[in-house]
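Let me begin by presenting the structure, written as structure tokens, before commenting on it.
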Amino acid sequence: MVGRMTTTLLWLRQDLRLSDNPALFYAAQRGAVVPVFIWDDTQPWAPGGASRWWLHHSLASLQKDLQQLGSNLLIAQGKAVQLIPHLIKVFQADAVYWNRRYATHQITEDRALKQQLRDQGVEVKSFNASLLNEPWDIKTQQGDCYKVFTPFWKRCLQRGINSTTLPIPQLLPINHVPITNASKNLSDLQFLPTQPDWATGLQQKWQVSESVAQQRLETFCASQLSRYAEARDFPAQAVTSELSPYLQWGQISPRQIYQHSAAVTDPTSYALQRFHAELGWREFSYHLLFHFPTLPEQAFKANFNAFAWQTDPAQLRAWQRGLTGYPLIDAGMRQLWSTGIMHNRVRMVVASFLTKHLRIAWQEGEAWFWDTLVDADLASNAASWQWVAGCGADAAPYFRIFNPIMQSEKFDGEGDYLRTWLPELQTLPAKLIHTPWLLTPTQMQQYGVMIGRDYPKPIVDHTEARDAALSAYAALKTQFTIN
Ligand code: FAD
């Protein structure tokens, strides 16, 4: 009954799960809980198309899970700073709980709201649900933040990782004030594409729910993790966890992944250490985003902002569509378009191709990934793009240019990954598939593929493009000293 029980508004954001959700767990201990999700696409970096698709299914699944506990999810649209105080009144809530976010605009919004609510006598508490460590807790001996991954991760491990997880509350009493005019139906938010419906590939690839995320973790640990260290770079082998979109929207927590993988694997195994180090890269990305809030927009190495990037819409489009004539690039970009994900090795090669072979600014690639990845994550995307482009923290130097032919031969020797995503090259044997532009007219006839008609010729020559990139870099270096 309204007013009898203490009521907590639970503001859910990128923590769309019931288990190991501290804000939910502690809210449930206080009394009635009103779970609310607020959609506000006026914020910077509003989710792109693929993320909205994921978000739709995440919310639908969470709504069902909450209903099974006797609760419900209230969906609203607008500015949290107005909606939360309104909902507090409607539900006569005396507290608001949420889990933290780390982008600068999110921190600003949360701080302002926290202050406003506390001034009104409302209890506000925030928790860490999405990182193993808070970005501000990891410090060098001098008390600074880290700019290099290896010492950062070493420090995290030295401190010890607390991967204790919280259970699902057994009961979630809701304070039943059923109708508020702030409430929306999920379909009102129009997250699913209609004209055209480009999400068929996403639908086939993914099932979005907390329980599927947990099952995926278990399957990965039981059948793939032992081969992770040696096979994680080979896209056709599919030994990586593919947990990244679930992490992004919070169907699973990094603590759950860390804890379960450590519990079922020999703790000294190299495979486990490698896997945990990848979670460490995610942590490092958040550490960088928190300490360098302009990371998504500006080069970490500021001199790179003066780099002579090219503007070439036709080449950018060829890259986006997977029509560059380089099979590994095209396979990766088509995997992305079709399924909303791309293997990490291939992400590195396509990003290098865009920023070095085409010399198109990393922000263009970052924006395309932001729109098309189901795991689009502001911290990891920005940090990784900058890493590949050579302008990031602890980055691969700009002059280290991935050779798309050698990468293809090395990491997809048999061409299995290429054939999966490039049907027009299906018939080519392993020794020809990495360099289709070298096919003779007789071979084209024999394999039934005409290069230049069925599959494009390379849009740039590898050696020329590499030399041009190195010259552009040399020109930048004469202007500034780049470390
Ligand atoms: P696994 O190998 O199973 O690793 C487990 C988890 O560790 C991942 O789910 C992920 O959360 C984290 N992780 C793994 N590798 C990295 C990494 N290099 N950096 C940060 N975290 C990592 N990852 C995103 O989650 N969102 C992005 O938007 C994103 N954009 C990227 C852009 C570029 C140009 C590059 C090169 C990498 C990007 N990554 C991004 C990192 C990485 O490619 C993905 O996290 C990984 O491919 C996800 O697959 P997985 O879940 O099977 O990874």
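The values are calculated or read from the model by the stated rules, or taken from the named source; none is laboratory data. Just so it is clear, the structure is predicted and the values come from calculations on it, not from any experiment. Note that each Cβ is placed from the backbone with ideal geometry, even for glycine, and that neighbours are counted across all protein chains shown. Just the protein is used for accessible areas: all its heavy atoms, side chains included, with ligands, DNA and RNA removed. Shrake-Rupley method; radii C 1.70, N 1.55, O 1.52, S 1.80 Å.
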Please give the helix 210-223 orientation as an angle from the longest Cα principal axis of the chain, in degrees from 0 to 90, rounded to the nearest 10.
50
Using modelled backbone amide H atoms (1.01 Å from N, in-plane), which distant-in-sequence or interchain residues come within less than 5 Å of Ala361's amide H?
Gln310
If I model a spin label as a point 7 Å beyond the Cα along the Cα-Cβ vector, how far apart are those points for Gln142 and Thr164 in nm?
3.5
Counting other Cβ atoms within 10 Å, keep those with at most 16, restrict to DSSP loop, and tell me which GluC sites (Glu not before Pro) in the range 345-414 are left.
Glu414
With a 1.4 Å probe and every protein chain kept in, tell me what percent of the accessible surface of the chain is carbon plus sulfur.
51
Residue pairs, from the table Lys431/Lys457; Lys125/Lys154; Lys205/Lys410; Lys89/Lys184; Lys139/Lys477, whose Cα atoms sit over 21 Å apart
Lys125/Lys154; Lys205/Lys410; Lys139/Lys477
P(r) of the range 335-419 over all Cα-Cα pairs, 5 Å bins starting at 0, rounded to whole percent, reads 3, 15, 25, 25, 19, 11, 2, 0
When the dipole is taken about the Cα centre of the range 79-174, and only Lys, Arg (+1) and Asp, Glu (-1) are charged at their Cβ, what size is it in debye, to the nearest 20?
280
Enter the accessible area per residue of the range 84-151 (Å², integer; probe 1.4 Å; all protein chains in place).
48
Near the amide H of Thr6, under 5 Å away, which other amide H atoms are found, from residues 5 or more places off or on another chain, if H is placed in the peptide plane?
Ala32
For Trp39, enumerate residues with amide H under 5 Å from its amide H, sequence gap 5+ or separate chain, H modeled in the peptide plane.
Ala76, Gln77, Gly78
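Give me the Kirkwood hydrodynamic radius of the range 176-332 in Å, from all C-alpha pairs, to one decimal place? Could the numbers behind the result be given before it?
Numbers: mean 1/r = 0.0505 Å⁻¹.
For the range 176-332, inverting the mean 1/r across all distinct Cα pairs yields 19.8 Å.
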Assigning unit charges at the beta carbon (Lys, Arg +1; Asp, Glu -1) and nothing else, what dipole magnitude in debye, to the nearest 20, does the chain show about its Cα centre?
560
Using the Karplus equation 6.51 cos²θ - 1.76 cosθ + 1.60 (θ = phi - 60°), what ³J(HN,Hα) coupling, rounded to whole Hz, does each residue of the range 139-147 give in order, writing x for Gly and Pro?
9, 6, 4, 7, x, 8, 7, 8, 10
Relative to the first principal axis of the alpha-carbon coordinates of the chain, what is the inclination of helix 378-389, with its axis defined by its Cα atoms, in degrees from 0 to 90 and to the nearest 10?
20
Rounded to the nearest 5, the percent of DSSP beta bridges in the chain running antiparallel is 10
Tell me what the chain gives for mean residue ellipticity at 222 nm when only DSSP H runs of n ≥ 4 count, each as -39,500 (n - 2.57), the sum divided by the residue total, rounded to 500 deg cm²/dmol.
-14000 deg cm²/dmol
When the Debye formula is applied to the Cα atoms of the chain, each taken as the same point scatterer, what base-10 log of I(q)/I(0) results at q = 0.06, 0.07 Å⁻¹?
-0.30, -0.41
Given a Förster distance of 41 Å, the FRET efficiency implied by the Cβ-Cβ spacing of Ala238 and Gln115, rounded to the nearest 0.05, works out to 0.30
If one takes the longest principal axis of the Cα atoms in the chain, at what angle in degrees, from 0 to 90 and to the nearest 10, does the Cα axis of helix 327-339 lie?
30
Take the alpha carbon atoms of the range 263-280, find their center, do the same for the range 53-130, and report the distance between the two centers in whole angstrom.
34
In order through the range 365-375: 3J(HN,Hα) via Karplus (6.51 cos²θ - 1.76 cosθ + 1.60), integer Hz, x for Gly, Pro
x, 4, 5, 5, 4, 4, 7, 9, 7, 6, 9
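Top to bottom by accessible area (1.4 Å), largest first, where do Thr265, Thr42, Thr104 land?
Largest accessible area first, the list is Thr42, Thr104, Thr265.
Given a 1.4 Å probe and heavy atoms of the protein chains only, how would you sort Lys154, Lys356, Lys184, largest accessible area at the top? Present the calculation step by step, with values, prior to reporting the outcome.
Values: Lys154 125, Lys356 0, Lys184 75 Å².
The ordering from most to least exposed comes out as Lys154, Lys184, Lys356.
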